[in-house]
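Okay, structure first, notes after.
The values are calculated or read from the model by the stated rules, or taken from the named source; none is laboratory data. Computed from a prediction, not measured in an experiment: that's the story for all the values here. Heads up, the Cβs are rebuilt from the backbone with ideal geometry, glycines too, and the neighbour counts pull from every protein chain shown. Side chains included, ligands, DNA and RNA excluded: accessible areas come from the protein's heavy atoms. Shrake-Rupley method; radii C 1.70, N 1.55, O 1.52, S 1.80 Å.
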Amino acid sequence: ILENVEGLIRHDIQNKSDKLGRTLQVILKTLKRLGYKVTWKLLDSSNFGVAQSRKRVFIVGTRDKFVTLDGFTPVRKSLKEFMQRGLKPLDSDIAAKLLEHYKPEDLYGLSVKDKRGGSNNIHSWDIGLKGPTTEEQRDLLKAIILNRRNKKWAAGKGIKWMDGMPLTVKEISTFWPDKPKRIKELLDDLTKKGYLSYEHPKDLMKVNSPTGKAVMARVPREDVEKGYNIVAGKLSFGISKILDPRGVCPTLVATDVERLAVVDKGGLRRLSTKELLRLSGFPDEFKLPVKKLEIYDLLGNTVVVPVIKSIGERLLDVVENKQTKWVVDSAGIHEQQVLDLDQ
């Protein structure tokens, strides 16, 4: 049984019309040459009785029978079934700011980040995290977020498009109809508080890495006029998302697990070790005698136990001839297409 991330399916794709990348094709062909009957499928752990959506590619190789990975009966549960109650709330500026501006239940499912707009997103300026903002400044920041990714800015500056372009006062004036002097006053105040940066746009250029190897990297173009850009900080915030107890948790990732928050008795707190283990399918008696940060790393890279258990039980059923319906007569069953592995 092999497991990998969803991106494996299209890794090293040659044509946009292709459904499989070369990396997965090489894996499947190599396993066949080694004598295995190979099947694979993308499975989501939220269909296996845990409240974590973790999509992973599973590849099964058997010696004498093709075993399908189709037909698992979905078992879905909500986050509230895995949560503890009455744990200590966070004592942090961002938690206090969020609860100052929102009712706890109104925070369900909202993210805290400055890179994008959207109704499911709380920005640092919405809660005055770096300093107070006026309604006019918030409207201006919203307008910049909605316009800064337009590809016409890169074309006008003669650089390759970047995801979020620094815009000059003149450029901002095209979508924010106000006097340039007034706009600059608002922008400079937001820059002083740390919501905006004043910087040159970056162009994709070939540079030498520390090892001396030539690589492509974004480099500031000092010959192009500076502009104002959103300081896009997601991981710099103590909280990146408030989970909805009625839904499921997103994929646990080592770098972001400690920034997931839940509402508990009117306060906000991080997920406990026990909750993290439960969301990966481990029983309550399972112990990880390591530091909290190491737990985040381990559970950010684990496989979800019930998924592996379900695949293992199916294989055992076939081996013991209890469930012949899982055996398929095919040259390899794939989620999107049947590959000719003899090519």
Problem set entry | In the stretch 153-169, the residues that are among the hydrophobic types (A, V, I, L, M, F, W, C), at pLDDT below 90 and open to solvent by 30 Å² or more (accessible area, probe 1.4 Å) | Trp161
For this session: Identify all residues within the stretch 192-207 that are touching a residue at least 40 places away in the same chain (Cβ under 8 Å), basic (Lys, Arg) and assigned to a strand (DSSP E or B); write none if there are none.
Result: Lys202
Problem set entry | Output for the stretch 122-175, where each listed residue is among the hydrophobic types (A, V, I, L, M, F, W, C) and over 20 Å from Glu199 (Cβ atoms) | Ile122, Ile127, Leu129
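Quick grid of which residues meet (1) closer than 19 Å to Asn121 by Cβ; (2) open to solvent by 30 Å² or more (accessible area, probe 1.4 Å):
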| residue | (1), (2) |
| --- | --- |
| Glu171 | no, yes |
| Trp176 | no, yes |
| Arg182 | no, yes |
| Gly194 | yes, no |
| Asn229 | yes, no |
| Arg259 | yes, yes |
Exercise. Any idea which of (1) over 26 Å from the mean Cα position of the chain (by Cα); (2) within 20 Å of Leu243 (Cα to Cα) is the one Thr73 doesn't satisfy?
Worked result: (2)
Exercise. Right, Gly212: out of contact with any His (no Cβ under 6 Å at 6 or more places or on another chain), touching a residue at least 12 places away in the same chain (Cβ under 8 Å), open to solvent by less than 80 Å² (accessible area, probe 1.4 Å) and at positive phi or not?
Worked result: no
Exercise. Looking at this structure, is Lys160 part of a helix (DSSP H, G or I) and among the charged types (D, E, K, R)?
Worked result: no
Exercise. So which strands (runs of 3 or more DSSP E) stay within the stretch 208-267 end to end and still have 1 or more residues that are of a type in the set (Ser, Thr, Tyr)?
Worked result: 227-230
Exercise. Mind checking whether some residue in the stretch 50-58 is under 27 Å from His123 (Cβ atoms), among the polar types (S, T, N, Q) and either open to solvent by less than 20 Å² (accessible area, probe 1.4 Å) or in contact (Cβ under 8 Å) with a residue 24 or more places away in the chain (or both)?
Worked result: yes
Exercise. Can you name the number of the only condition in (1) out of contact with any Pro (no Cβ under 8 Å at 6 or more places or on another chain); (2) open to solvent by 30 Å² or more (accessible area, probe 1.4 Å); (3) closer than 13 Å to Ser310 by Cβ that Asn47 fails?
Worked result: (1)
For this session: Scan the stretch 273-330 for residues that are hydrophobic (A, V, I, L, M, F, W, C), part of a helix (DSSP H, G or I), touching a residue at least 12 places away in the same chain (Cβ under 8 Å) and within 30 Å of Arg63 (Cβ to Cβ) and report the count.
Result: 7
Seminar exercise, completed: Filter the stretch 83-106 for residues that are among the acidic types (Asp, Glu) and touching a residue at least 12 places away in the same chain (Cβ under 8 Å); the one that is farthest from Ser124 (Cα to Cα) is Glu105
Exercise. Residues in the stretch 9-35 that are buried (at least 18 other Cβ atoms within 10 Å of the Cβ) and hydroxyl-bearing (Ser, Thr, Tyr): how many?
Worked result: 0
For this session: Out of the residues in the stretch 120-141 that are outside any helix (DSSP H, G or I) and hydroxyl-bearing (Ser, Thr, Tyr), state the one that is surrounded by the most Cβ atoms within 10 Å (Cβ to Cβ).
Result: Thr133
